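Undergrad: For reference, the structure I am asking about is given below.
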Amino acid sequence: MTAMTAPSVLSAAGSDRQRAVIDEDHLGRMTLGDRRLEREVLEIFVRQTVIMLERIAGAEPALAAAAAHTLTGSARGIGAWRVARAAEKLERVANGKSDAAALDEAVEELKSAAIEASAAIAARLGDVLRDH
């Protein structure tokens with residue numbers, strides 16, 4: 001069975017929400033269906049997200065934009081589209097002539113998306129562990 005047609009390891013109750021947070025088909029293609037690689041990539045994403053959000057907090061706009069740019073690429077890599085969109089928005093706002101309120105709003109949107117993605121990843125990794 002290929003990664004694209006393999007049944008989801010997510011629980012039935014939470015699978016719709018988690019699919020909306022992490023694009024399983026995209027993740028499967030990016031990791032070539034290798035569950036160990038998938039786990040490693042997801043764990044790295046969560047760690048990197050924490051680091052980048054810490055850098056963004058209270059940072060000068062240029063540094064916030066650079067950290068957001070890093071998160072955009074990482075989020076795209078795993079199919080965390082909401083995180084990618086929020087990071088792109090933060091990068092645009094930080095590089096623009098926006099006021100502090102707009103920057104704060106973009107940071108909060110990214111934090112919210114990152115928390116949602118991290119929770120979905122934690123649930124997914126827990127389910128993968130229970131299946132093995």
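Undergrad: Considering only protein heavy atoms and a 1.4 Å probe, what is the carbon-and-sulfur percentage of the accessible area of the stretch 19-72?
TA: Numbers: 1720 of 3040 Å².
Carbon with sulfur: 57 percent of the solvent-accessible area.
Undergrad: To the nearest 20 debye, what is the magnitude of the charge dipole of the stretch 52-97 about its Cα centre, counting +1 on the Cβ of each Lys and Arg and -1 on the Cβ of each Asp and Glu?
TA: Values: 7 positive and 4 negative charges, 43 e Å.
Its charge dipole is roughly 200 debye.
Undergrad: Then there is this: In whole Hz, what ³J(HN,Hα) sequence does the stretch 27-41 give by Karplus (6.51, -1.76, 1.60; θ = phi - 60°), x for Gly and Pro?
TA: Each residue of the stretch 27-41 in turn: 4, x, 5, 5, 9, 6, x, 7, 5, 5, 5, 4, 4, 4, 4 Hz.
Undergrad: If you don't mind, another one. Using the heavy atoms of the protein chains and a 1.4 angstrom probe, tell me the accessible area per residue for the stretch 29-69 in square angstrom.
TA: Numbers: 2570 Å² over 41 residues.
For the stretch 29-69, the solvent-accessible area averages 63 Å² per residue.
Undergrad: For residue 55 and residue 115 in one chain, what is 0.36 nm times their gap in residues minus the Cα-Cα distance, to one decimal in nm?
TA: Details: separation 60, 0.36 × 60 = 21.60 nm, distance 1.59 nm.
The residue 55-residue 115 span can extend by a further 20.0 nm.
Undergrad: Calculate, for residue 23 and residue 99, the FRET efficiency according to 1/(1 + (r/R0)^6) with r their C-beta to C-beta distance and R0 35 Å; round to the nearest 0.05.
TA: Numbers: r = 33 Å, r/R0 = 0.95.
According to the calculation, E is roughly 0.55.
The values are calculated or read from the model by the stated rules, or taken from the named source; none is laboratory data. This is a predicted model, so every value here is computed, not measured. All Cβ positions, glycine included, derive from the backbone under ideal geometry; neighbour counts span all protein chains shown. For accessibility, only protein heavy atoms count, side chains too; no ligands or nucleic acids. Shrake-Rupley method; radii C 1.70, N 1.55, O 1.52, S 1.80 Å.
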